[in-house]
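The values are calculated or read from the model by the stated rules, or taken from the named source; none is laboratory data. None of these values were measured; they are calculated from a predicted model. Positions of Cβ are backbone-derived with ideal geometry, glycine not excepted, and every protein chain shown enters the neighbour counts. Each accessible area value is taken on the protein alone, full model and side chains, heavy atoms only, with ligands, DNA and RNA left out. Shrake-Rupley method; radii C 1.70, N 1.55, O 1.52, S 1.80 Å.
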Amino acid sequence: MGDSASSSSSSSSSVHRSLGGGSVADLLLWRNRTGAVILLVSSTAFWFLFERAGYNLLSFVSNVLLLLVAILFLWAKSATLLNRPLPPVPNMEIPEEFAIKAADDIRALINHVLSIASDITIARNPIRLLQVSFVLWAISYVGTLINSLTLVYIVVLLSLSVPVVYENYQEHIDDKLSSTSEVIRNISRKIPMPVSKEKKYQ
């Protein structure tokens, strides 16, 4: 009984660790329920507004900002006339730590992309070339089928559902995946491989 509880807790911690172990992992695994609900509701509202209702993103953002500026201006004007406190506008500055961390993350991503390009062009790795070509072809094919906003919404839904389902049913999913890979391995062993015929020189 204790072994199963400890194994389940270690598996959940390994899933949390594989997702980065920070606030993003807490969000994707629904440990931060408020943030996950806000992300789900806001992404659903955005998808409905721009995909189903036909709103334009630029006009929507400008109208929201215009309404916000008008509300803040009228609030501040009425506060000075009625001797009320000014609107609680937060300090709108990007912290230096956040900017440094974002720059480090972007630099790591760019370096990873450049290493893949170097592996293809300089090292002439055909396997990496096939992988990149397949991924780019899949993205292009999916882009012809659905809208980019719908694709982003599907990615958000999958990000909020797949990790938590895998964390809860990790043992069953691992068993199914291992049995499936064993079946594929057995089938691949039965496929006859072409035998290279050596040329005989006299």
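At-a-glance table
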quantity	calculated
Test result for Gln131, over 14 Å from the mean Cα position of the chain (by Cα) and touching a residue at least 12 places away in the same chain (Cβ under 8 Å)	no
Matching residues, the stretch 73-103, being open to solvent by less than 60 Å² (accessible area, probe 1.4 Å), among the hydrophobic types (A, V, I, L, M, F, W, C) and at pLDDT 80 or above	Ala76, Ala99, Ala102, Ala103
Residue check for Ile106: under 25 Å from Val152 (Cβ atoms) and modelled with pLDDT of 80 or more	yes
Whichever residue in the stretch 1-51 is within 30 Å of Val61 (Cβ to Cβ) and in a loop (DSSP other than H, G, I, E, B) and, among such residues, is modelled with the lowest pLDDT	Gly20
Odd one out for Gly35 among (1) over 17 Å from Ile154 (Cβ atoms); (2) loosely packed, with under 11 Cβ neighbours inside 10 Å	(2)
